[in-house]
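Throughout, read-outs are computed from the coordinates displayed, never taken from laboratory work. Remember, predicted model here, so these are calculated numbers, not experimental data. Using ideal geometry, Cβ is built from the backbone for each residue, glycine included, and neighbour counts are taken over all protein chains shown.
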Amino acid sequence: MGKLDGYKKDQLVAMLRDMLIIRRFEEKAAQAYGLKKIGGFCHLYNGQEGVVVGAVAALDMKKDYLLTAYRDHGHAIATGMDPKVVMAELFGKETGCSRGKGGSMHMFDVEKHMFGGNGIVGGQIPVATGVAFMQMYKKTGGVTLCFFGDGAIHQGAFHESANLASIWNLPVIYIVENNHFGMGTAVKRVSAVEDFDVKAKGYNMTGTTVNGMDVIEVHQAIQKAAETARKEGRPALLDVKTYRYKGHSMSDPAKYRTKEELEEFKQQDPILMLKQDLLKAEMITEKKFEELDKEAKAIANQAEEFAEESPEPPLESRFEDIYA
Amino acid sequence: MPELAMRDALRQAMDEEMSRDDAVFVLGEEVGEYNGAYKVTRGLLDKYGMPRVMDTPIAELGFTGLAVGAALAGLRPVVEWMTYNFSLLALDQVVNNAAKMRHMSGGQLKCPIVFRGPNGPAEFLSSQHSQALQSLYAHIPGLKVVAPSNPYDAKGLLKSSIRDDNPVMFLESEMTYGMTGEVPEEEYLVPIGEASVVREGSDVTLISYSKPMLMLHKAAEQLAEQGIEAEVIDLRTIRPLDEETIYNSVKKTNRAVVVDESWPFASVGSHVCWLISRNCFDYLDAPVELVCSEDVPMPYNHNMELAVQPSVEKIVKAAKGVSYTD
Ligand SMILES: Cc1ncc(C[n+]2csc(CCOP(=O)(O)OP(=O)(O)O)c2C)c(N)n1
Ligand SMILES: [Mg+2]
């Protein structure tokens, strides 16, 4: 069976397009950061696009939910948020998704079921488990995707949540975006095991290792986990191996890793890999790819223009959005 | 005297105490190979190796509690929290264990441990990463809370904190790690629990600690230009509080403005205001003023985040208010 069997061309091209938009968006964000249009912590997603795009493609965002950490621009865009409001939030503008109050680490869109954007390592894990509790409680048939990093899995928050999800049959999928580093710390320096799938066993759930550089593999793994979660309410843990091309945040020169290692992962770039698969299957041409990329660049440019032209939030609005 | 950056003064303090006493060790996220997220522990791993310098997983509750246990058993840990925002994950170990063990064991145990890291508003970080949490810790009997504002005090106080037999919350600030100041080459200590009068004046007392001290100096200068001589007090230690230095000054100036990055409700600032109002009542010519952060979570937008914090303008205005020269 071929890798792309069962996929419609449109679906695959949409994944390619989404990854390109995220990549070009992040490049624009980096540029704007250099121009001091964006401040503070800004964690870019370059290299990891295949993870969220493959995952969200397996969801039905009408009933499913997504939560992640601070490296969240890609997740926001993947859930269907307009890149314009994401960029405007980075610029701290009134038109940003969080009205300029959240910034880079706190992208939210309640209607799109994107529940953030959390700055505390591991902070979203129990919360995501709680969203899945609602899904069990109300029998919505939905699942919740809970993204977090290889660094976050050592927080008690993960271990307490995983046990709760298992004993209460909660439809939550824990996705470790294992980019091999938590800030400057390589996984093996702070973890008793290098592959996290083994941790699932202790909570009586399925654990799977996934190649996050391959969007199709991610898609299939999430599809499978989502089906089990929907039908049986069983949670799952996926150790998705990926890589971040940039430093941890804008201020990190990333001296703790080698150029060779970075290059090795760039050779398996998720965008390039899907492009090659699609070329081989004659589902796209080089020209079509160029068009998609041009479109992605235009979307990123428009997002930046929108953010730039948007007004500052009124100062008085700082007293709003504190209590419901 | 040589000029040192705050981060280097802090590192010197740890370095000197580590070579003086091999029970002293440092642990936290990125403190070793990465030399610290803010480079405060630079070079310590190279010099002392493991287990004197330990890079931890991101597991604040676990490694903080581990350090508490090590302290009870005779070591002297210096725990670095990458920022105090993340200390909230370890709150239980600090409040229920570090602060209580001495009392609950009827004086048998002691917990010589320092918890250090940046606290208070930084820039462009929104609500979870830009909080002043000192009031939370100052509330807890059994803890000491130290908050220096310059490299000299930072070094002297950190050395005293490491030698102290009690848990000490040591508060730094992301925004002032690069700030330089004179630090003598010879060894010295700054005692915990002593405030310092950093500027003498007769008309109004300005009181603060930590990063806002920079604003107090500027405010005092602006006030002087307008004929108001401010006396400026740097508390340096929040708990135990040097009440005497505060009262002596207020009894002289008859007016006080307390400046605090905390939120107003049940804060260090509001507590100091209450103490002055109660203990200097007969000397006061005006109600004590509090300049603090507004009662809102920190917004990301820069104009808004500046608006919610104390500022030189707000301090000057408050000082003129209590002087009735508005
Ligand atoms: C509780 C907590 N501790 C520390 C930090 C500081 N911090 C921010 S990101 C990070 C590394 C996280 O690594 P990982 O979970 O692998 O996610 P990645 O950044 O690689 O996506 C650390 C230590 C934090 N934000 N929250
Ligand atoms: Mg990571």
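In the range B:138-157, the qualifying residues are those that are among the hydrophobic types (A, V, I, L, M, F, W, C) and surrounded by fewer than 24 Cβ atoms within 10 Å (Cβ to Cβ), and the one that is nearest to B:MET169 (Cα to Cα) is B:LEU143. Residue count for the range B:262-284 satisfying the condition of being more than 14 Å from every other protein chain (Cβ to nearest Cβ) and more than 21 Å from B:ARG199 (Cα to Cα): 13. The residue pairs whose first member lies in the range A:149-172 and is farther than 22 Å from A:SER191 by Cα, whose second member is more than 16 Å from ligand 1 (Cβ to nearest atom) and among the basic types (Lys, Arg), and whose beta carbons are closer than 9 Å, counting only pairs six or more residues apart or on different chains, are A:ALA165/A:ARG234; A:SER166/A:ARG234; A:ASN169/A:ARG234; A:LEU170/A:ARG234; A:PRO171/A:ARG230; A:PRO171/A:ARG234. Against the test of being within 15 Å of ligand 2 (Cβ to nearest atom) and within 14 Å of chain B (Cβ to nearest Cβ), the options A:GLY156, A:GLY151 yield a single qualifying residue, A:GLY151. The residues in the range B:248-276 that are of a type outside the set (Ser, Thr, Tyr) and part of a helix (DSSP H, G or I) can be counted, and the count is 12. Scanning the range A:199-210 for residues that are out of contact with any strand residue (DSSP E or B) (no Cβ under 6 Å at 6 or more places or on another chain) and closer than 18 Å to A:LYS224 by Cα gives A:LYS201, A:ASN204.
A count restricted to the range A:179-207 and to residues that are within 16 Å of ligand 2 (Cβ to nearest atom), assigned to a loop (DSSP other than H, G, I, E, B) and of a type in the set (S, T, N, Q) stands at 2.
The residues listed here are A:LYS37, A:LYS63; of these, the one that is charged (D, E, K, R), away from ligand 1 (no atom under 16 Å from the Cβ), over 20 Å from A:LEU272 (Cα atoms) and within 14 Å of another protein chain (Cβ to nearest Cβ) is A:LYS37. A:MET114 meets the conditions (1) crowded, with 24+ Cβ neighbours inside 10 Å; (2) within 14 Å of another protein chain (Cβ to nearest Cβ) in every case but one. The failed one is (2). You will find that of A:VAL127, A:VAL176, the residue that is within 15 Å of ligand 1 (Cβ to nearest atom), in contact with a Leu (Cβ under 8 Å, 6 or more places away or on another chain), outside any strand (DSSP E or B) and within 14 Å of chain B (Cβ to nearest Cβ) is A:VAL127 and no other. The residue of the range B:77-99 that is nearest to B:LYS211 (Cα to Cα), among those that are away from chain A (no Cβ under 12 Å) and surrounded by fewer than 18 Cβ atoms within 10 Å (Cβ to Cβ), is B:LEU91. Of all the numbered requirements in (1) away from ligand 1 (no atom under 12 Å from the Cβ); (2) in contact (Cβ under 8 Å) with a residue 60 or more places away in the chain; (3) within 12 Å of chain B (Cβ to nearest Cβ); (4) aliphatic (A, V, I, L, M), A:ALA186 misses one, and that requirement is (1). Of the residues making up the range B:18-36, those that are more than 16 Å from ligand 1 (Cβ to nearest atom) and of a type in the set (Ser, Thr, Tyr) number 1. Looking across the range B:118-136 at every residue that is more than 14 Å from chain A (Cβ to nearest Cβ) and in a loop (DSSP other than H, G, I, E, B), the one that is farthest from B:MET14 (Cα to Cα) is identified as B:ALA132. Where helices (runs of 4 or more DSSP H) fall entirely within the range B:1-117, those with at least 3 residues that are within 17 Å of A:HIS154 (Cβ to Cβ) are at B:60-72. Taken over the range A:218-273, the residue count meeting the criterion of being part of a helix (DSSP H, G or I) and in contact with a Pro (Cβ under 7 Å, 6 or more places away or on another chain) is 2.
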